[in-house]
Ligand code: ACM
């Protein structure tokens, strides 16, 4: 039960370390005008040129909408001013002025598509001089994208708020820039969806993909077959009115809503009310665990297609988007193999095997969707020569299926590498490109690659934690999908991600707000402020275990288990660990003598961690529900930092400890860092391992160039799995 999906790539080795410092030094600065280094914009615009001068933002600020205007644009302008008002505490709601006199003149050429569409023109141009800002766009959606850029440009100096003089021409690199939210495993109510739509708009994402049905829940109201949600959802589903509300909220932000109904596998919640449609006799109950399960619909049963025609026809009316996602992933074949009638059907129809039957089923469903005016999209298992060529392939198992689909004439989107539920760092997702510079696809094939989607599977998230898993990392994915391919400097991405993170909270996301409450709750009612601070320090340096390892460490977790523990408080991408790695790298590998000031900073940090770890380890029994797990990790942190302190003393004293010292310390670090039942890991470990190795090997430092010295240490510290440089 450990893996709910086969494990994807495990790119991340033990560490952190150096992606930040060294990679950023080596990374070529984009040669074009994508000068992300000069500003905080995320995603970086296609073209940007700054000029000297500033446009002051004061209470005299006025906005005029010339050209095309409508309620959607006006609402977006009001929202934008509302967010600026919060940030500036200025009254910015003066009546609109004539275009020539307004501080911000918006010139929109037309409405664009009535329903947000794949071929929407999202381009815009923004000119800011010391006298006026002008936003020009061919469509309302383009104007919305430009407004978000404008919001991000607001800066402050000693004289108050201002916009820098700048000229921007911008349009997205990919037309499909999505976020999938799984509302089936853990129910995510409408407030979660709405605030995430606000986050999506902020970073110019344009597709919300709702994973509405799975083994653990049927989350949409059907009026033709109400038994589906009434038996399959525990009462947690979107009513049709709520779906309309979500669609309207998304449309106001220029975002499409694509629904997914996972078929024919991942279908337990369908057969709770319709056991006759499963491939083996029931009864069936809503699944409460995570994994790949056997229940699968029986494609040989004609009554299935009658129900699907009713249901998909109804959904086709409800969801205006051109696409309906039919899932199609992870049918394990157990039920089909065990049903002699199904196997006979495969033989009689010349379908070869289960894959042939799945393709046959997809053709039937595709015809139903076509009848209702919709295009089929499915996970990469639906790729089969018999699939109609207008279908879209959603690649999750590897980039190969995306390329293979494009070569065969299908359009595709990439999610492999954007699985944010695997809690990998933003840098990995950021460097994962749907069309890398090394692509071997022809220009025509490349055009079929529409973009990508971050996927928020919800086995391990609740409404309280989901924002912290989606954001801010999804902003890095949004940049990959919007900005020019050459925009790839990881350190600069992290610099801007920290700024965007604050903007996301302002826009209503709750990652950090919820985090603070969760840490305080975890510390327990009897905790003092110092206890809470110590726990916060611990939480800041741990990350949840990656991939699907948590299920192996916490095998008893089911749908109703609270997710309020250390791993839930831990952020996926520890900034404290990243900063520490940068300090250690700078300290160890810069040329010249060791810098005492830098050493003092590292020693101070280790002291803070040591004290926090000891304090957490000594929390009074009964303080917190999972005290033992926390205490174990507190002891580990205290132990790590004590080892780091020893290494720093040795480095500063100039006396190398012997090899035995190094070996025992490396073993100690390794053991203390093993993920226990709390299912967290310590991304500061590789930096500590480097310090220990450097202390023992310091005599070689003078004889080696910084690069060679680094290679030498890494070969000792990470003999089997060196972290990437
Ligand atoms: C998937 O992750 N099973 C699409």
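With respect to the conditions (1) more than 29 Å from the chain's Cα centre (by Cα); (2) more than 28 Å from residue 561 (Cβ to Cβ), residue 256 falls short on a single one, namely (1). Checked against the criteria, residue 225 counts as under 21 Å from residue 366 (Cα atoms), surrounded by fewer than 24 Cβ atoms within 10 Å (Cβ to Cβ) and modelled with pLDDT of 95 or more.
Those strands (runs of 3 or more DSSP E) of segment 133-175 in which at least 1 residues are free of Cβ contacts under 8 Å to residues at least 60 places away in the same chain and closer than 30 Å to residue 392 by Cβ, considering only elements entirely within it, cover 133-137.
Among the candidates 449, 461, the residue that is out of contact with any strand residue (DSSP E or B) (no Cβ under 8 Å at 6 or more places or on another chain), modelled with pLDDT of 95 or more, closer than 30 Å to residue 395 by Cβ and crowded, with 23+ Cβ neighbours inside 10 Å is uniquely 461. When segment 340-383 is filtered for residues that are within 16 Å of the ligand (Cβ to nearest atom), under 30 Å from the mean Cα position of the chain (by Cα) and touching a residue at least 60 places away in the same chain (Cβ under 8 Å), only 377 remains.
Does at least one position in segment 207-216 carry a residue that is in contact with a strand residue (DSSP E or B) (Cβ under 6 Å, 6 or more places away or on another chain), under 22 Å from residue 493 (Cα atoms) and touching a residue at least 40 places away in the same chain (Cβ under 8 Å)? No, the conditions are met nowhere in segment 207-216. Of the residues making up segment 520-537, just one is surrounded by 21 or more Cβ atoms within 10 Å (Cβ to Cβ) and either without any contact (Cβ under 8 Å) to a residue 40 or more places away in the chain or under 19 Å from residue 466 (Cα atoms) (or both), namely 522. Taking segment 325-339 as the range and being in contact with a helix residue (DSSP H, G or I) (Cβ under 6 Å, 6 or more places away or on another chain) and within 16 Å of the ligand (Cβ to nearest atom) as the test, the residues that pass are 326, 328, 329, 333.
Comparison of 434, 484 shows that the only residue that is more than 16 Å from the ligand (Cβ to nearest atom), over 11 Å from the mean Cα position of the chain (by Cα), crowded, with 24+ Cβ neighbours inside 10 Å and not in a helix (DSSP H, G or I) is 434.
In segment 538-558, the residues that are touching a residue at least 24 places away in the same chain (Cβ under 8 Å) and at negative phi form Cβ pairs under 7 Å with partners that are in a strand (DSSP E or B) and buried (at least 19 other Cβ atoms within 10 Å of the Cβ), at six or more places apart or across chains, as follows: 542/680; 542/681; 543/680; 543/681; 544/680; 545/680; 545/681; 550/544. Within segment 534-545, identify whether any single residue is modelled with pLDDT under 95 and in a loop (DSSP other than H, G, I, E, B), and answer yes or no. Within segment 534-545, not a single residue is modelled with pLDDT under 95 and in a loop (DSSP other than H, G, I, E, B). Across segment 89-119, the number of residues qualifying as crowded, with 18+ Cβ neighbours inside 10 Å, at pLDDT below 95 and either under 29 Å from the mean Cα position of the chain (by Cα) or assigned to a helix (DSSP H, G or I) (or both) comes to 1. Residues of segment 496-526 that are more than 18 Å from residue 619 (Cβ to Cβ) and not in a helix (DSSP H, G or I): 507, 508, 509, 510. Considering segment 385-411, the residues that are over 30 Å from residue 572 (Cα atoms) and assigned to a helix (DSSP H, G or I) include one that is farthest from the ligand (Cβ to nearest atom), namely 407. Of all positions in segment 594-613, none carries a residue that is touching a strand residue (DSSP E or B) at 6+ places or on another chain (Cβ under 9 Å) and either touching a residue at least 12 places away in the same chain (Cβ under 8 Å) or part of a loop (DSSP other than H, G, I, E, B) (or both). Exactly one residue out of 679, 636 is in contact with a strand residue (DSSP E or B) (Cβ under 7 Å, 6 or more places away or on another chain), closer than 18 Å to residue 543 by Cα and in contact (Cβ under 8 Å) with a residue 40 or more places away in the chain, and it is 679.
Across segment 37-85, the number of residues qualifying as within 20 Å of residue 132 (Cα to Cα), over 29 Å from the mean Cα position of the chain (by Cα) and in a loop (DSSP other than H, G, I, E, B) comes to 8. Among all residues of segment 490-505, there is none that is farther than 28 Å from residue 83 by Cα and free of Cβ contacts under 8 Å to residues at least 40 places away in the same chain. For segment 443-469, which residues satisfy the criterion of being within 16 Å of the ligand (Cβ to nearest atom) and in a helix (DSSP H, G or I)? The answer is 469, and nothing else.
Taking residue 206, is it over 27 Å from residue 345 (Cβ atoms) and surrounded by fewer than 24 Cβ atoms within 10 Å (Cβ to Cβ)? Here the answer is no, as residue 206 does not meet what is asked. Applying the condition of being crowded, with 24+ Cβ neighbours inside 10 Å and within 15 Å of residue 376 (Cβ to Cβ) to segment 396-421 and asking which residue is farthest from the chain's Cα centre (by Cα) yields 405. For segment 412-427, a residue qualifies if it is under 16 Å from residue 393 (Cα atoms), away from the ligand (no atom under 12 Å from the Cβ) and outside any strand (DSSP E or B), and exactly one does: 417. No other residue among 245, 287 is modelled with pLDDT of 95 or more and either outside any loop (DSSP other than H, G, I, E, B) or closer than 30 Å to residue 114 by Cα (or both) apart from 245.
The values are calculated or read from the model by the stated rules, or taken from the named source; none is laboratory data. No experiment lies behind these values; they were computed from the predicted model shown. Cβ: placed from backbone, ideal geometry, glycine included. Neighbour counts: every protein chain shown.
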